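Student: Attaching a single structure in C-alpha cells format; questions to follow.
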C-alpha cells in the first residue's frame, strides 16, 4: 500500500467528520508502521473525538486489510506548535496568538482567516506573508 493512498483514505474519513487534518506521518518502525495524526478544529477537539476518529480509521485499515502490523496515534497539535499552513490558520480562529512580524510582536485574538489574510480582534489585518512565526498562547 502506497502511503499517498493511505493518506487520501484517512483524509477522506477526517473530512467527513468535520475535523481538520493538521498533519499526518507514516513511518516504518521495525516490521510495523507508525501512523500519527494531528487533528483539530476552531472549537478545539477533545480526547473522545480523537478516540472516535481513531476507531473509524482502524475500521478502514483493518476492514480493507491495508496494513497488517501498525500503530495509530490520533491527537491534537497542542499549544506550542508553530502555525504556518492554511489549516493552522483555520483551526486557530477564535484563539489567542503570539505573532512575530519582521519588526514587532503582537499578541491578539484571531477573529477570522480568509484567503491568506488574518483579521485580529484589535482591528489589525495581516497577510500570512507578513508573519515570521506564530503560535497559540494561553489566555
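Student: Taking residue 6 as meeting all but one of (1) part of a helix (DSSP H, G or I); (2) over 16 Å from the mean Cα position of the chain (by Cα); (3) within 27 Å of residue 83 (Cα to Cα); (4) without any contact (Cβ under 8 Å) to a residue 40 or more places away in the chain, write down the number of the exception.
Tutor: It fails just one condition, (4).
Student: What is the residue count in the stretch 107-123 for residues that are surrounded by 13 or more Cβ atoms within 10 Å (Cβ to Cβ) and more than 15 Å from residue 88 (Cβ to Cβ)?
Tutor: Going residue by residue through the stretch 107-123, those that are surrounded by 13 or more Cβ atoms within 10 Å (Cβ to Cβ) are 108-113, 117-120.
Applying the additional criterion that residues be more than 15 Å from residue 88 (Cβ to Cβ) yields 108-109, 111, 119-120.
Count: 5.
Student: Does the stretch 123-139 include one or more residues that are modelled with pLDDT of 95 or more, touching a helix residue (DSSP H, G or I) at 6+ places or on another chain (Cβ under 7 Å) and part of a strand (DSSP E or B)?
Tutor: No, there is no match, as no residue in the stretch 123-139 is modelled with pLDDT of 95 or more, touching a helix residue (DSSP H, G or I) at 6+ places or on another chain (Cβ under 7 Å) and part of a strand (DSSP E or B).
Student: So, one more: Checking residue 11 against (1) surrounded by 13 or more Cβ atoms within 10 Å (Cβ to Cβ); (2) farther than 16 Å from residue 72 by Cβ: exactly one of these is not met. Which one?
Tutor: It fails just one condition, (2).
Student: Quick one: which residue in 66, 6 is touching a strand residue (DSSP E or B) at 6+ places or on another chain (Cβ under 8 Å) and modelled with pLDDT under 90? I'd like the intermediate steps shown before the answer.
Tutor: Values: 66 fails: touching a strand residue (DSSP E or B) at 6+ places or on another chain (Cβ under 8 Å).
Testing whether each residue is touching a strand residue (DSSP E or B) at 6+ places or on another chain (Cβ under 8 Å) and modelled with pLDDT under 90 leaves just 6.
Student: Within the stretch 67-104, track down each residue that is surrounded by 15 or more Cβ atoms within 10 Å (Cβ to Cβ) and part of a loop (DSSP other than H, G, I, E, B).
Tutor: 67, 76, 77, 81, 83, 92, 93, 95
Student: Can you go through 52, 73 and tell me which one is within 14 Å of the chain's Cα centre (by Cα), on the phi < 0 side of the Ramachandran plot and at pLDDT 95 or above? Lay out the reasoning, then the answer.
Tutor: Numbers: 52 fails: within 14 Å of the chain's Cα centre (by Cα).
That would be 73, the only listed residue that is within 14 Å of the chain's Cα centre (by Cα), on the phi < 0 side of the Ramachandran plot and at pLDDT 95 or above.
Student: As an exercise: evaluate residue 34 against (1) closer than 25 Å to residue 110 by Cβ; (2) without any contact (Cβ under 8 Å) to a residue 40 or more places away in the chain; (3) in contact with a strand residue (DSSP E or B) (Cβ under 6 Å, 6 or more places away or on another chain) and give the number of the one condition it does not meet.
Tutor: Against the list (1) closer than 25 Å to residue 110 by Cβ; (2) without any contact (Cβ under 8 Å) to a residue 40 or more places away in the chain; (3) in contact with a strand residue (DSSP E or B) (Cβ under 6 Å, 6 or more places away or on another chain), residue 34 comes up short only on (1).
Student: Which condition number does residue 126 fail, the rest of (1) touching a residue at least 24 places away in the same chain (Cβ under 8 Å); (2) within 25 Å of residue 31 (Cα to Cα) being met?
Tutor: (2)
Student: Out of all the residues in the stretch 24-40, which are within 11 Å of the chain's Cα centre (by Cα) and crowded, with 18+ Cβ neighbours inside 10 Å? Can you show your working first?
Tutor: Step one: of the stretch 24-40, the residues within 11 Å of the chain's Cα centre (by Cα) are 24, 37-40.
If the condition is that a residue be within 11 Å of the chain's Cα centre (by Cα) and crowded, with 18+ Cβ neighbours inside 10 Å, then 37, 38, 39, 40 are the ones that fit.
The values are calculated or read from the model by the stated rules, or taken from the named source; none is laboratory data. Computed from a predicted model, the values in this text were never measured in an experiment. Note that each Cβ is placed from the backbone with ideal geometry, even for glycine, and that neighbours are counted across all protein chains shown.
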